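What follows is a single structure, written as structure tokens, with notes after it.
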Amino acid sequence: MTTPSPVVVAVDGPAGSGKSSVSRAAARELGYDFLDTGAAYRALAWRALGLGVDLDSADAVRTVLADFDYRVVPTPGGAHVSVGGHDVTEAIREPRVTAVVSFVARVPEVRSALNDVFRRLIRETPSPGIVVEGRDITTVVAPDAQVRILLTADEEVRIARRAAELTPEQAATAGQLVERDKADAKVVDFLTAADGVTTLDSTHLNFAETIQAVVDLVHDTVGDPTEQGGAL
């Protein structure tokens with residue numbers, strides 16, 4: 001008997017759109033795994049900072065890939081991330097890492113190598129489905145995903161939401177949203193929905209309503225697993 005392939009829900013969007021928090025909560029609601037692809041770029045940036053690599057040099061950044069021992073265990077509640085056997089789940093969220101993620105993400109070889117990692121994690125998920133969020137997920141990482149979503153919101157709303165999520169010491173990070181978008185947009189178009197991708201604008205939706213919109217879209221597309229005995 002052939003093992004059913006997992007349902008893949010691909011979510012793209014600009015910084016501060018709520019991709020991570022909404023995708024994580026939707027995955028929990030659906031009973032799916034959750035994969036935050038941005039964590040891999042953050043982990044590589046964390047490793048590069050630790051090695052003192054010149055992040056302005058694409059050649060220098062590429063050298064970090066050679067011994068980048070990245071491990072992630074996706075779960076409905078998030079993921080445990082390690083580099084070289086060290087748990088960096090919390091460390092990769094530090095403002096100093098956030099400030100330089102774009103420097104590693106803009107290197108084509110980095111994106112190619114990590115995209116291969118993401119596809120493997122998608123294939124290997126033991127869950128009936130997996131919600132994958134990040135940048136260029138709907139077009140490059142998982143273009144054949146059963147559900148593809150571009151989650152967005154007005155720039156002012158995104159900045160306000162990000163600021164509300166941060167501690168006072170991290171508040172300045174909210175102002176980096178526009179700069180991150182500009183830098184990342186040089187590598188991938190995450191502001192325009194590709195053919196077959198559903199745009200979900202959460203500008204006038206609260207958190208719960210946005211989660212429900214994602215869950216409803218999945219159910220409308222692939223059905224409700226609770227009504228199918230969990231078999232998808």
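For the reader, a short list of remarks on this structure follows.
- Per-region count, the range 205-232, residues in a loop (DSSP other than H, G, I, E, B), open to solvent by 70 Å² or more (accessible area, probe 1.4 Å) and at pLDDT below 70: 2
- Entirely in the range 66-148, the strands (runs of 3 or more DSSP E) that have 2 or more residues that are open to solvent by 40 Å² or more (accessible area, probe 1.4 Å): 70-75
- Residue in the range 177-198 that is modelled with pLDDT of 80 or more, within 18 Å of residue 12 (Cβ to Cβ) and assigned to a helix (DSSP H, G or I) present: no
- Members of the range 1-36 that are touching an Asp or Glu at 6+ places or on another chain (Cβ under 7 Å) and among the hydroxyl-bearing types (Ser, Thr, Tyr): 20, 23
- Residue selected from the range 1-48 under the condition in contact with a Phe, Trp or Tyr (Cβ under 9 Å, 6 or more places away or on another chain) and of a type in the set (D, E, K, R), by the criterion surrounded by the fewest Cβ atoms within 10 Å (Cβ to Cβ): 28
- Selection within the range 149-176 - open to solvent by 20 Å² or more (accessible area, probe 1.4 Å) and at pLDDT 85 or above: 152, 154
- Filter pass, residue 60 being within 20 Å of residue 112 (Cα to Cα) and buried (at least 20 other Cβ atoms within 10 Å of the Cβ): no
- Residue in the range 82-95 that is of a type in the set (D, E, K, R) and within 15 Å of the chain's Cα centre (by Cα) present: yes
The values are calculated or read from the model by the stated rules, or taken from the named source; none is laboratory data. These numbers were taken from a predicted model, which means no experiment stands behind them. Methodologically, a virtual Cβ is constructed for each residue, glycine included, from the backbone with ideal geometry; neighbour enumeration extends over all protein chains shown. Surface accessibility is based on the protein's heavy atoms, side chains included, excluding ligands, DNA and RNA. Shrake-Rupley method; radii C 1.70, N 1.55, O 1.52, S 1.80 Å.
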